[in-house]
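Before any comments, here is the structure.
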Amino acid sequence: MKTAPTGGSVDEFFASLPPDRLPLMTWCHDTIVRLAPELDVKLWGKIVGYGQMRFRYASGKEGDWFPIGVANQKQYVSLYVCIVEDGAYLAEARAERLGKVKVGRSCINMKKLGDVNLVELEALLVHAVALIRHGAGVFGL
């Protein structure tokens, strides 16, 4: 896992996406930027990360990561929402409402825009951004 931004152009990254992934990746990117324009947008390897936070594992290892990120994977688009509230990851807590997606702890895997309940996904992002702005709940690693 990269624990620091790797540089590179986000615009070039989006320009390189396959046409079938572009609508979902663009929706995620545009929605995150609209909801949280203050978050820096940087490439973290093959992930577009929004914002930056410091984390510490129980082992004591520390690093940097993004609270929200989006990536084009081989079989799907992954939206990472690395936010915890009341001991639960936001993505997991809302998994049943997000549509035809696969949800891990902080990762939402989506195949196409039409499979996703966009109203619920945007509500999740609104909640995540509010927690980021208040400096609470930004954990999730």
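Only one of the values [x] 16.9; [y] 15.8; [z] 15.1 was calculated from this structure for Kirkwood radius over Cα pairs in Å; name its label. Matching the structure shown: [z]. Here's the list of lysines a cross-link from Lys112 could span, going by alpha-carbon distance under 23 Å and ignoring same-chain residues fewer than 8 apart: Lys46, Lys74, Lys100, Lys102. Packing-based ranking of 86-95, 55-64 yields 86-95, 55-64, ordered from highest to lowest mean Cβ neighbour count within 10 Å. Each of Met25, Met110 has some number of other Cβ atoms within 10 Å of its Cβ, and from fewest to most they run Met25, Met110.
Neighbour counts of other Cβ atoms within 10 Å put Lys46, Lys74 in the fewest-to-most order Lys74, Lys46. About its Cα centre, segment 10-133 has a charge dipole of approximately 360 debye under the convention of +1 per Lys or Arg Cβ and -1 per Asp or Glu Cβ, with nothing else charged. Each Cα pair under 8 Å and six or more residues apart adds its sequence gap; the mean of these over the residue count of the chain is a relative contact order of 21 percent. Please enumerate, by chain and number, the lysines with C-alpha under 16 Å from the C-alpha of Lys42, excluding those fewer than 8 residues away in the same chain. List returned: Lys2. As a proxy for reagent exposure, Val119, Val10, Val84, Val70 were ordered by neighbouring Cβ count within 10 angstrom, fewest first; the result is Val119, Val10, Val84, Val70.
For the pair Val10 and Arg97, label points projected 7 Å from Cα toward Cβ lie 2.6 nm apart.
Just to confirm a number: summing +1 for Lys and Arg and -1 for Asp and Glu over residues other than Val119 whose beta-carbon lies under 13 angstrom from that of Val119, what do you get? Intermediate values should be presented prior to the final figure.
Details: positive: Arg94, Arg97; negative: Glu120, Glu122.
Local charge sum for Val119: 0.
Every number here is computed from the coordinates shown, using simple stated rules; none is lab data. In this text, all values refer to a predicted model and were calculated from it rather than measured experimentally. Cβ sites come from the backbone with ideal geometry, for glycine too, and all protein chains shown count toward neighbours.
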